[in-house]
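The values are calculated or read from the model by the stated rules, or taken from the named source; none is laboratory data. Values in this document were obtained by computation on a predicted structure and should not be read as measured data. When we count neighbours, we look across all protein chains shown, and the Cβ atoms used for this are built from the backbone with ideal geometry, even at glycine. Areas reflect the complete protein model, heavy atoms only, side chains present, ligands, DNA and RNA absent. Shrake-Rupley method; radii C 1.70, N 1.55, O 1.52, S 1.80 Å.
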Amino acid sequence: MKLYCIGIGPGGVEQMTLRAVRALERCDCVAGYGLYLDLIDELIEGKETIETGMTREVDRCIAARDAARDGKTVAVVSSGDAGVYGMASLLFEVCADDPAIEIEVIPGVTAACAGGAVLGAPLTDDFVCVSLSDLLTPWAVIEKRLRCAAAGDLCIALYNPGSRTRTAHLRRACDILLESLPPSTVCGIVRNIGRTGERVALTTLDGLRDRPVDMLTTVFIGNSRTHAINGRMVTSRGYRGI
Ligand code: SAH
């Protein structure tokens, strides 16, 4: 029994890896959040789909597992990379008592890499990803991770920076970082990476506090080596002689 867990990248089909496209072609049944299935509709025409809402991830994985048990070749699709705040770990957990199901994880381009490319080269030095969603992680843990990132002079890609119900999270995160980082720290915001309506903006850590962000946004915070070069966000690796 084969279950694919496929990262489809940040946007439509052109953002997918060839390996992801080929695996999808082999599937009879595709499980995913409606928006992601819409992004790849040209590849899944005529295939059975398992669609559940944003917060029904467990149900979706169970339905995918059951379809695989029925003998279908099934793909669970995640945006970006399925292993970065995606469905991959949940799928392993849901199938834990059934070693006959072979799970193949197919990597995708995560928002940090795709958004970084839109901005320029903000993650060329050591960096971390931190999700500001406290739905599954306590806020105290998120605060601790932000402080550690700042202490380590790491560039930061912030996932889930805000939503309709979590409007103050980005400001709280900025205030924590401003305890130790300069207000002039170069920051970037990218919305709808690789999708229609892609938007990009450069700002400072101070300016970031008041920026409206939503679930379709990824935020980048530079380190002491990050500069704005001709409107792009660039973290220097430290090469000399330029
Ligand atoms: N597995 C995904 C991340 C899922 S968490 C990945 O690897 O990219 C959801 C968060 O990812 C969003 O709140 C946003 O911060 C980021 N994200 C995912 N796709 C995005 C896109 N196309 N544009 C901007 N941000 C995106």
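Brief remarks follow.
- Per residue, the Cα convex hull of region 5-131 amounts to 114 Å³.
- Local electrostatic count at Gly222 - Lys and Arg +1, Asp and Glu -1, tallied over other residues with Cβ under 14 Å: -1
- The charge dipole of region 105-175, taken about the Cα centre with unit charges on the Cβ atoms of Lys, Arg (+1) and Asp, Glu (-1), comes to about 340 debye, rounded to the nearest 20.
- Across region 236-242, coupling constants 3J(HN,Hα) worked out from phi with the 6.51/-1.76/1.60 Karplus curve, θ = phi - 60°, read 6, 8, x, 4, 9, x, 7 Hz, and Gly and Pro carry x.
- Applying both filters, DSSP loop and at most 14 other Cβ atoms within 10 Å, to the trypsin sites (Lys or Arg not before Pro) of region 55-98 gives Arg56.
- In region 81-188, chymotrypsin sites (Phe, Trp or Tyr not before Pro) in a DSSP loop with at most 14 other beta-carbon atoms within 10 Å: none
- Calculated log₁₀ intensity ratio I(q)/I(0) where the Debye formula runs over C-alpha points of the chain, q = 0.17 Å⁻¹: -1.18
- Debye log10 I(q)/I(0) for region 1-78, one point scatterer per Cα, at q = 0.14, 0.19, 0.24, 0.26 Å⁻¹: -0.38, -0.71, -1.14, -1.32
- Binned Cα-Cα distances of region 160-242, short to long, each 10 Å bin given as a whole percent: 18, 45, 29, 7, 1
- Cα-derived Rg over Rh, computed across region 109-157 with Rh taken as Kirkwood radius: 1.02
- Whole-percent carbon and sulfur share, accessible surface of region 63-124, 1.4 Å: 54 percent
- Across region 112-184, the mean sequence separation of Cα contacts (distance under 8 Å, 6 or more residues apart), normalised by length, yields a relative contact order of 34 percent.
- Accessible area expressed per residue, region 117-201, with surrounding protein chains retained (probe 1.4 Å, Å²): 50 Å²
- In a DSSP loop and with at most 10 other Cβ atoms within 10 Å, the GluC sites (Glu not before Pro) in region 1-95 are Glu45.
- Percent accessible area from carbon and sulfur atoms, region 160-199, protein chains only, probe 1.4 Å: 48 percent
- Local charge for Asp59 was computed over the other residues whose Cβ lies under 12 Å away, with Lys and Arg +1 and Asp and Glu -1, and equals 0.
- Within the chain, no whole DSSP H helix has Cα atoms reaching 20 Å or more along its own axis together with a mean Kyte-Doolittle score of at least 1.0.
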